[in-house]
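A short write-up of the structure that comes next.
What follows is calculated from the coordinates using simple rules that are stated; it is not laboratory data. All values reported here derive from a predicted model rather than from experimental measurement. Quick reminder, even Gly has a Cβ in these numbers, built from the backbone with ideal geometry, and neighbours come from all protein chains shown.
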Amino acid sequence: MKQIALSILVFCMLTSAFSQTQKKGLLIKVTGMRNENGNLLVALYNNKSDFLNANKAVYQRIVSATTDNHIIFFENIPMASYAVAVIHDENANGKMDTNFLGIPTEYIGTSNNIRSRFGAPSYESSVFFYNGVFLLINIELY
């Protein structure tokens, strides 16, 4: 019985120590790029009316697309509901390129990995709640 109590105490101490040293933020892991050209444009939105408007993102990052796996960390963001959009900007022109029908010619992805057949994914289908501590979001481009 003493060993069980001691084990529980040690576990609680280690868990507490880990949670105090863990960084607070949103970690986004992007996969599924078809090549290493250009950049990844990563944007966080906190409302429906601004979603997918790069100029209205509350947080954004541009990172080089040099590997198949990218991890982007947004630190010190407030607890709230967000949606993430990622564009693999292969030609590094700073925007999503489309064909004559308006269909993206560069890979895209959103939080919750929603793949819309007709039109862009909605804010409602992409939204998640960030608890203000730590959250990992996986986004696969398509």
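Quick notes on this one:
- Spacing of the two label points (7 Å from each Cα toward its C-beta) at Glu140 and Val63, in nm: 1.9 nm
- Reachable lysines, given that their alpha-carbon falls under 19 Å from the alpha-carbon of Lys56 and they are not under 8 places away in the same chain: Lys48, Lys95
- Each Cα pair of region 50-142 feeds into the Kirkwood radius, which the Stokes-Einstein equation turns, at 37 °C and 0.692 mPa s, into a diffusion coefficient of 229 µm²/s.
- Summing charges over neighbours of Tyr130, with a neighbour being any other residue whose Cβ is under 14 Å away from its Cβ, gives +1 when K and R count +1 and D and E count -1.
- Proximal charge balance of Leu41 [Cβ under 12 Å; K/R count +1, D/E count -1]: -2
- Our note on the geometry: Cα centres of region 93-142 and region 39-81, 10 Å apart.
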